[in-house]
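The values are calculated or read from the model by the stated rules, or taken from the named source; none is laboratory data. Keep in mind that what you see is a predicted model, and the values were worked out from it rather than measured. When we count neighbours, we look across all protein chains shown, and the Cβ atoms used for this are built from the backbone with ideal geometry, even at glycine.
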Amino acid sequence: MEFSVKTIEFPDSLDYNSVDQFYQQANAAIAVNADVILVDFQAVEFMSSPGLMALVVVFKRVREARKKLFICSINEQVKMLLELTGMDRVFEVVERSTEAPTLANLPVTAS
């Protein structure tokens, strides 16, 4: 049985202006039945409170769809925001995108 990973990336921030795009990408990933949704923060320099709230909403949607969500490549600002809000205990954070399939214990094909 094959599993798939759908990666969501951002240009430089996850904030009020990019939340709608994030929701669209997440909904599309859920709709195509990706088993793992990976939110890649490699290019993200800043995440605002609305961005964090959007991440929580997407996490709930992914969980309701019985999928797994990972976030990866976070910088110090994003890490601090997650720690200050306690969300670092909610989200599964990995260093690199290649670690998510291993932690999910899935044989994965990327998409």
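Taken over segment 1-24, the criterion of being among the hydroxyl-bearing types (Ser, Thr, Tyr), closer than 20 Å to LYS67 by Cα and modelled with pLDDT of 90 or more is satisfied by THR7, TYR23.
Of everything listed in (1) of a type outside the set (Asp, Glu); (2) surrounded by fewer than 12 Cβ atoms within 10 Å (Cβ to Cβ); (3) at pLDDT below 95, the single unmet condition for VAL93 is (2). Could you go through segment 29-38 and let me know if any residue there is surrounded by 13 or more Cβ atoms within 10 Å (Cβ to Cβ), at pLDDT 95 or above and in contact with a strand residue (DSSP E or B) (Cβ under 9 Å, 6 or more places away or on another chain). For segment 29-38, residues surrounded by 13 or more Cβ atoms within 10 Å (Cβ to Cβ), at pLDDT 95 or above and in contact with a strand residue (DSSP E or B) (Cβ under 9 Å, 6 or more places away or on another chain): absent.
Within segment 10-28, being in contact (Cβ under 8 Å) with a residue 24 or more places away in the chain, surrounded by 11 or more Cβ atoms within 10 Å (Cβ to Cβ), not in a strand (DSSP E or B) and not hydroxyl-bearing (Ser, Thr, Tyr) holds for PHE10, ASP15, VAL19, PHE22, ALA26, ASN27.
Quick one: would you say ALA43 is more than 10 Å from the chain's Cα centre (by Cα), exposed (fewer than 13 other Cβ atoms within 10 Å of the Cβ) and not in a strand (DSSP E or B)? So ALA43 fits the description; yes. Looking across segment 6-29, just one residue is farther than 24 Å from LEU81 by Cα and in contact with a helix residue (DSSP H, G or I) (Cβ under 6 Å, 6 or more places away or on another chain), and that is LYS6.
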